[in-house]
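Only the coordinates and a few stated rules stand behind these numbers; no lab work does. What you see is a predicted model, and the numbers here were worked out from it, not measured in a lab.
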Amino acid sequence: MVEKIHWKTADERATELAELADALTELIGVLLREQLFPEAVPWFQEYRERVLACAGGPTPEQAELNELARDVPAVIDLHPRWEPPLCRLEDGSYAIEDWYVRLQPAHSRVQRAAFSLRITGEYERDLQEPVWPWQQKPR
């Protein structure tokens, strides 16, 4: 198995920044439509402006992308053990709050898009079977 690293290109970075901007637009729309976390809307709008400024210029340095990825605002899923809010149903059971169900997909999309900026490259794998020395044909 042969492994080599693929470093992200300027075009791939531009695509990632565009995805992050689109995800932020979607999230801001959900927050406004559902009237959730009104104090957070300006944070996400300001952050979106930073993303667009970064995308509109020359290819940013990795340090700038790392800073941008670390600065993404979050309003839910704030740590690994964070649990969604539950409401009690009429039958006595519990269910996840409706507002969380509507917000979580857009919020997760933003978090994933921001995290992808921190990845500089990835291994490409040639999944062909290895040829062991005893399997090689004599010359």
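Odds and ends about this structure:
- Listed values (1) 18.0; (2) 18.9; (3) 16.8, entry calculated as Kirkwood radius over Cα pairs in Å: (1)
- Span from the segment 53-86 Cα centroid across to the segment 1-46 one, whole angstrom: 8 Å
- Anisotropy class of segment 13-87 from Cα gyration tensor, a/c 1.5 cut: prolate
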